[in-house]
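First comes the structure, then the notes that go with it.
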Amino acid sequence: MSKTFRVQSPDGRTFNVTAPDGATSDQVMAYVQQQHGAQGQTAADGVSRDALSDQYYRAKVEGRTDDANAMLQGLRAHGWAPLPPNTQQQEALFQQTNAQNVAAQPALQTALQGVGQAFVNTGRGIGQMLGVVSPQDVQESRRLDEALSNTNAGSLGNLTGQAAQTIALGGALGAGAKLAGLAGRAIPYATSALTGGAFAGSQPVAPGESRAVNTALGAGLGVVGEAIPAGLRALSGKAAPAVSIAKQDAIATAQKYGIPLHLSQVTDSKALQTLGSASKYLPFSGNTGAQAAQRTAFNRALASTVGQNADDLTPAVMDAARSSNSAGYNALFDRNAVKFQPDTISRLGAIWKQAGQDLPPDQAQVVQNQITKYFEAAQANNGVIPGRLYQSVRQTVQKVEGQNQPSKYLVGQVRKTMQDAANGSFGPQDAQALQGLNQQYGNLKILDKALGQAQGANYTVTPANLWRLANTKYGASPEMTDLAQLGQTVLKDPIPDSGTAQRLISYGALTGGAAMPHTLGPMMLAGATAGRVLNSPLAARVLPYAGQNLLLGLSKGVAPAPYLMPLLAVPQNRVGQQPVITGQQ
């Protein structure tokens, strides 16, 4: 009765031979020689069976099918079969078969297998810490997973699975820190260190690897990952353009009202401001159109402060604003009356006394007469002043206040005291509406004054003149104050204009360039290029903040770094850690 014996040669080759049951070792080896031929056989033409077999397996492992077939034909031509593969060749053939199987399946399936591999590895690492998985088991699992790990889809899936674990762990630790009331700049770094260390430490280790090293490396990489976006955010703050807080607020106002700004207006750089001022005289710079668009938008914003929607502050627009404001007052005072509060009487009494002490008798009498007007109006109407009557008295008091006399200040205090009484007499909604009408009235008076200046002939105002007017007795609304600040800090040309530049360009144009030889052409080119940029609202929005926005964008792009950096602590993810078997001896 015969039996199959499995024999391994010293170089790792495995032979299956058939020999009688009970044959001795020497007899089995004799059958090996008989059935497979002696190792080291060499034909008369000098061809070695060992060499042909090795070349055959190497070509097969490397995917050189034609070469493998040629080696096989060479063996058969000498009456030989290929010698059994040695251990290294067996492993290479095994990995080749696995790789072919993985390559034959859809990429999505491979990626999902990679995701599953990440979770299985974590479970295997925990099992190893519990003593149920050995380092040799880990090494064997890596050998079996090698074909999957060597594919792009498999590697991407594996990294995705690992990242999902660090994100979940980091999120849980962060939530725990918040519940515990922990706060401070160091908390995110501590959380990232714990996340990275815990994940890297839970991964399986093969012989020659250290769990302690992986844990420490993961914790350190977690801190580094946290520092990267934080550092970029800090750098973005330093990259912000050096602009004063007042100018920043003014720029925000321009953005709120859709007022286009130019590059030289959004920076405190004297060089850019000088270039921007000079560029308005360059041909084809687009400055005329840019200034017109800015002026129109600014007028529209001013018109909105008096309840109008217009591009120019024409007499018709201003008349409409006055009519609307007056109608608003009439509607409010038709349904409300002004009552004297205890505080009102006390304040008016203090003003009466101060006038008698501080002013000449005739001027004191002017102040006291204004107080008497309000008291007489109330006495005639059962202690309250009907709204329309209050409005009429208030207007007469305002006219007296407008006179340049020593009594001016205290008359204004009388008016303000009664204004507070009116506000207190109205319901919440009407009081708010009255405040809005008062501010709108103040804005109207400011615009009337501004339009009385030179630019008023063009139904517009000089932006830089508004700041002084907005801080007068009329009481500008917050919106008007913001626009006045914009006019003073941003829209005002910071470079004095001597008129030299425009005269030179005009002379050059009139003389055909003779007054400025070889310069008119370059000026036109500069206007069409640099001038356009300096007068471009897009350039004003983008260029000063380009560095800051780039760094902020990068900081957002690397925000997952605290979760991804610790993945480098996993041995299989580190460069040079993945074994590659080529089938070479």
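Just one residue in the set Q109, Q136, Q113, Q117 is among the polar types (S, T, N, Q) and more than 40 Å from the chain's Cα centre (by Cα); that residue is Q136. Restricted to the stretch 202-235, and to residues there that are more than 16 Å from A190 (Cα to Cα) and either small (G, A, S) or touching an Asp or Glu at 6+ places or on another chain (Cβ under 7 Å) (or both), the residue that is surrounded by the most Cβ atoms within 10 Å (Cβ to Cβ) is S202.
Look at A350 and say whether it is aliphatic (A, V, I, L, M), in contact with a strand residue (DSSP E or B) (Cβ under 9 Å, 6 or more places away or on another chain) and assigned by TED's automatic domain parsing to the domain that holds S324. No: the conditions fail for A350. Report whether or not Q572 is surrounded by fewer than 16 Cβ atoms within 10 Å (Cβ to Cβ) and modelled with pLDDT under 90. Here the answer is no, as Q572 does not meet what is asked. Among the numbered conditions (1) without any contact (Cβ under 8 Å) to a residue 40 or more places away in the chain; (2) part of a helix (DSSP H, G or I); (3) farther than 15 Å from M418 by Cβ, the only one that A350 does not meet is (3).
Residues checked against (1) in contact with a strand residue (DSSP E or B) (Cβ under 6 Å, 6 or more places away or on another chain); (2) crowded, with 20+ Cβ neighbours inside 10 Å; (3) in the same structural domain as D334 (by TED's automatic domain parsing); (4) within 26 Å of P342 (Cβ to Cβ):
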{"residue": "N382", "(1), (2), (3), (4)": "no, no, yes, yes"}
{"residue": "N404", "(1), (2), (3), (4)": "no, no, yes, no"}
{"residue": "G412", "(1), (2), (3), (4)": "no, no, yes, yes"}
{"residue": "D420", "(1), (2), (3), (4)": "no, no, yes, yes"}
{"residue": "F426", "(1), (2), (3), (4)": "no, yes, yes, yes"}
{"residue": "A431", "(1), (2), (3), (4)": "no, no, yes, yes"}
{"residue": "K445", "(1), (2), (3), (4)": "no, no, yes, no"}
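The helices (runs of 4 or more DSSP H) found wholly in the stretch 359-457 and carrying at least 2 residues that are of a type in the set (S, T, Y) occupy 361-379, 387-401, 408-425. Check the stretch 445-459 and report whether any residue there is modelled with pLDDT of 90 or more and among the small types (G, A, S). The answer is no; no qualifying residue exists. The set of residues from the stretch 184-223 being of a type in the set (G, A, S) and not in a helix (DSSP H, G or I) comprises G184, S202, A206, G208, S210.
The values are calculated or read from the model by the stated rules, or taken from the named source; none is laboratory data. No experiment lies behind these values; they were computed from the predicted model shown. All Cβ positions, even for glycine, are placed from backbone atoms using ideal geometry, and neighbour counts span all protein chains on display.
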